[in-house]
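Encoded as structure tokens, here's the structure I'll be asking about.
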Amino acid sequence: MTKTRILTEFGIGSSLRRQDYTEAAARAVRDALWRNSINAAELFGFAKEDMILDVEIGVHRPEAVDIAEIAKIFPYGQPTITVTHGGLDIARPEANPGSGKPTVIANAAISVSFAMEPADG
Amino acid sequence: MVEKRLIIEMGMGNDMYGQDYTKAAIRAVESAIRRSSLPLFEGLGLSHDVMRVAVTIGVQDPAGVDTAAVAATLPRGRAQVTATPGGQNVTNPGTGQTIVIATAAVEAFFPDQSELWRLLPAPAKTDGAPG
């Protein structure tokens, strides 16, 4: 047994006016992180730093997400962050144009894994 | 057997018109448990029965929550549901209509796994690329 996924947390985040894909993604990550509280390392007697964090973000414009900014949110562990096309952009109604920028919605999924094996293996 | 808590999931649910505390509680639990996934059962070969699920519902009228009905909505594990004063009631002064809001905490406990698993040694970098 090698890398074993223990749990995944989900979140969504938005940018309402500025079409800021990094901010929407950061809010999605915070939503996922702070909606649950986990003690995954403690269950196995491992250290928090042993957690392997895989962060998957979906937005309509993946190239606009600043991955270094997203990485700063994590208090420990080395997150591997991937951004793919997903989330949702909703155009402003023509009758109510405002700034003209769409409402941006980002999806985030954060998975915790360990490189582990049975102790008696 | 020593138990450890793997996760506490939080959620909120409401009933807009019926002042139904059970309906609000079930929606709060649903919003809590659908924000995460626990693939460790498959990954480690654990039975769902080993997980104990403690559900705490906060509402303004705890006696109005049918805890057995809430427990029946938990898909996995051994669920216990308790209702306690909390949540929020919001009344529109114009109409007198009250919205009831339930707060849910869903805690998943597992038998301590620390004797059963160990970490693999970190793999040596072979590609020469910066970490």
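The values are calculated or read from the model by the stated rules, or taken from the named source; none is laboratory data. This one's a predicted model, so the numbers in the text were calculated from it and none came from an experiment. Methodologically, a virtual Cβ is constructed for each residue, glycine included, from the backbone with ideal geometry; neighbour enumeration extends over all protein chains shown.
Would you check if there is a residue in the stretch A:65-77 being within 13 Å of another protein chain (Cβ to nearest Cβ) and crowded, with 16+ Cβ neighbours inside 10 Å?
no
From the list A:G11, A:G45, A:G100, which residue is under 23 Å from B:E9 (Cα atoms) and either in contact with a strand residue (DSSP E or B) (Cβ under 6 Å, 6 or more places away or on another chain) or more than 9 Å from chain B (Cβ to nearest Cβ) (or both)?
From the options A:G11, A:G45, A:G100, the qualifying one is A:G11.
Matching residues to (1) acidic (D, E); (2) under 29 Å from B:L40 (Cβ atoms); (3) modelled with pLDDT of 95 or more:
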site: B:V59; (1), (2), (3): no, no, yes
site: B:L74; (1), (2), (3): no, yes, yes
site: B:G77; (1), (2), (3): no, yes, yes
site: B:P85; (1), (2), (3): no, no, yes
site: B:T91; (1), (2), (3): no, no, no
site: B:V100; (1), (2), (3): no, no, yes
site: B:T103; (1), (2), (3): no, yes, yes
site: B:V106; (1), (2), (3): no, yes, yes
site: B:F109; (1), (2), (3): no, yes, yes
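Taking the criterion of being within 9 Å of the chain's Cα centre (by Cα), in contact (Cβ under 8 Å) with a residue 12 or more places away in the chain and part of a helix (DSSP H, G or I), would at least one residue in the stretch B:11-27 satisfy it?
Within the stretch B:11-27, none of the residues are within 9 Å of the chain's Cα centre (by Cα), in contact (Cβ under 8 Å) with a residue 12 or more places away in the chain and part of a helix (DSSP H, G or I).
Residue check, A:E49 against (1) in contact (Cβ under 8 Å) with a residue 40 or more places away in the chain; (2) under 26 Å from B:K4 (Cβ atoms), all met but one. Which one?
(1)
Do we find that A:I38 is surrounded by 20 or more Cβ atoms within 10 Å (Cβ to Cβ), in contact (Cβ under 8 Å) with a residue 12 or more places away in the chain and within 14 Å of another protein chain (Cβ to nearest Cβ) in this structure?
Yes, satisfied.
Which residues, counting only those in the stretch A:4-54, are farther than 27 Å from B:A104 by Cβ, over 16 Å from the mean Cα position of the chain (by Cα) and small (G, A, S)?
Across the stretch A:4-54, the qualifying residues are A:G45, A:A47.
Run down B:L74, B:L38, B:L116 and say which single residue is over 16 Å from the mean Cα position of the chain (by Cα) and of a type outside the set (D, E).
Residue meeting the stated conditions: B:L116.
If you don't mind, there's one more thing I want to ask. Inspect all residues belonging to the stretch B:91-108 and state whether any of them is part of a strand (DSSP E or B) and surrounded by fewer than 14 Cβ atoms within 10 Å (Cβ to Cβ).
Yes.
Sticking with this one: Can B:A104 be described as away from every other protein chain (no Cβ under 14 Å), among the hydrophobic types (A, V, I, L, M, F, W, C) and under 30 Å from A:S113 (Cα atoms)?
Judged against the criteria, B:A104 is not a match.
Tell me which residues, restricted to the stretch A:21-32, are more than 9 Å from every other protein chain (Cβ to nearest Cβ) and buried (at least 19 other Cβ atoms within 10 Å of the Cβ).
A:Y21, A:T22, A:E23, A:A24, A:A25, A:A26, A:R27, A:A28, A:V29
Looking for whichever is modelled with pLDDT under 95, of a type outside the set (F, W, Y) and in a helix (DSSP H, G or I) here; the options are A:E69, A:E49. Which one fits?
When all the criteria are applied, what remains is A:E49.
Let me ask another. Of the residues in the stretch B:3-29, how many are facing chain A (nearest Cβ under 10 Å) and polar (S, T, N, Q)?
The qualifying residues number 0.
Okay, next question. Kindly indicate which of B:G94, B:G43, B:G86 is over 16 Å from the mean Cα position of the chain (by Cα) and under 28 Å from A:E56 (Cα atoms).
B:G43
Among the small types (G, A, S) and surrounded by 15 or more Cβ atoms within 10 Å (Cβ to Cβ): does that describe B:A54?
It is true that B:A54 is among the small types (G, A, S) and surrounded by 15 or more Cβ atoms within 10 Å (Cβ to Cβ).
Anything in the stretch B:33-85 that is in a helix (DSSP H, G or I) and more than 14 Å from chain A (Cβ to nearest Cβ)? List them, or say none.
B:H48, B:D49, B:P62, B:A63, B:G64, B:T67, B:A68, B:A69, B:V70, B:A71
Could we say that A:I105 is away from chain B (no Cβ under 14 Å), free of Cβ contacts under 8 Å to residues at least 60 places away in the same chain and either on the phi > 0 side of the Ramachandran plot or crowded, with 18+ Cβ neighbours inside 10 Å (or both) here?
Here the answer is no, as A:I105 does not meet what is asked.
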